[in-house]
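Peer 1: Structure incoming, see below.
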Amino acid sequence: MSTRGILGASLLGFTLSFGCAGEEAGPAAPPPPSAVPVDYSFGTVDGELIGSNVLRGRVTVLLFITTFDLASQAQAKRLEDLHRQHAPRINAVGVVLEAARYVDLARAFRDITKIHYPLAMASESTLAGVGPFGGVNTVPTWVVPDRRSAVHSVFRGPLEPEELEKLVVAAE
């Protein structure tokens, strides 16, 4: 099989396992909004930990993305705009749904897209679909915990700026 064929098969497998924006989620869909605070932690591409213990006290917008998806790139920039407009009132974190061994790709993604909020790698449990937010199997996926770290909103797929603003305001 050619290199192009192997890459295509790999990407097809990833798309099938994660789904495309707007598709119905599989059986391991993110949980509905909850009144119960969620404890979560991800390692950033800079080697630090970021999670509910650091972010609690402000509404947080978590954006689950991949480094190779155009919608992820566009939505990462949209989150950058939102964060710039509302910092320090809100927290923003990008979570790359790729294995930790691809941290160099994630750093390049951050540099190319010029995002300034923390970028983290998904934990093994998140990649396995059993992480703190259930199965995040669509990119992009938005998760908005409130000030107590209880999940207020989950949205799968791209968001327009007005829709994103509404999710943040509703969680405040």
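The values are calculated or read from the model by the stated rules, or taken from the named source; none is laboratory data. Keep in mind it's a predicted model, so treat the numbers as computed, not measured. Backbone-built Cβ (ideal geometry, glycine too); neighbour counts: all protein chains shown. Ligands, DNA and RNA are excluded from the accessible area calculation, which covers all protein heavy atoms including side chains. Shrake-Rupley method; radii C 1.70, N 1.55, O 1.52, S 1.80 Å.
Peer 1: Which condition number does ASN53 fail, the rest of (1) of a type in the set (S, T, N, Q); (2) closer than 12 Å to PRO118 by Cα; (3) open to solvent by 70 Å² or more (accessible area, probe 1.4 Å) being met?
Peer 2: For ASN53, the failing item is (2).
Peer 1: While we're looking at this one, here's another question. Please enumerate the residues belonging to segment 50-88 that are among the aliphatic types (A, V, I, L, M) and in a strand (DSSP E or B).
Peer 2: First, the residues of segment 50-88 that are among the aliphatic types (A, V, I, L, M): 50, 54-55, 59, 61-63, 65, 70-71, 74, 76, 79, 82, 87.
The answer is ILE50, VAL59, VAL61, LEU62, LEU63, ILE65.
Peer 1: Of everything in segment 108-119, what is in contact with a Leu (Cβ under 8 Å, 6 or more places away or on another chain) and either in contact (Cβ under 8 Å) with a residue 40 or more places away in the chain or closer than 12 Å to PHE68 by Cα (or both)? Give them in sequence order.
Peer 2: First pass over segment 108-119, keeping only residues in contact with a Leu (Cβ under 8 Å, 6 or more places away or on another chain): 109-110, 115, 117.
If the condition is that a residue be in contact with a Leu (Cβ under 8 Å, 6 or more places away or on another chain) and either in contact (Cβ under 8 Å) with a residue 40 or more places away in the chain or closer than 12 Å to PHE68 by Cα (or both), then PHE109, ARG110 are the ones that fit.
Peer 1: Which of the residues that make up segment 113-132 are over 18 Å from LEU82 (Cα atoms) and of a type in the set (Ser, Thr, Tyr)?
Peer 2: SER123, SER125, THR126
Peer 1: Restricting the search to segment 49-78, which residues are without any contact (Cβ under 8 Å) to a residue 60 or more places away in the chain and either within 19 Å of ALA171 (Cβ to Cβ) or out of contact with any helix residue (DSSP H, G or I) (no Cβ under 9 Å at 6 or more places or on another chain) (or both)?
Peer 2: Hits for segment 49-78 are LEU49, GLY51, ASN53, VAL54, LEU70.
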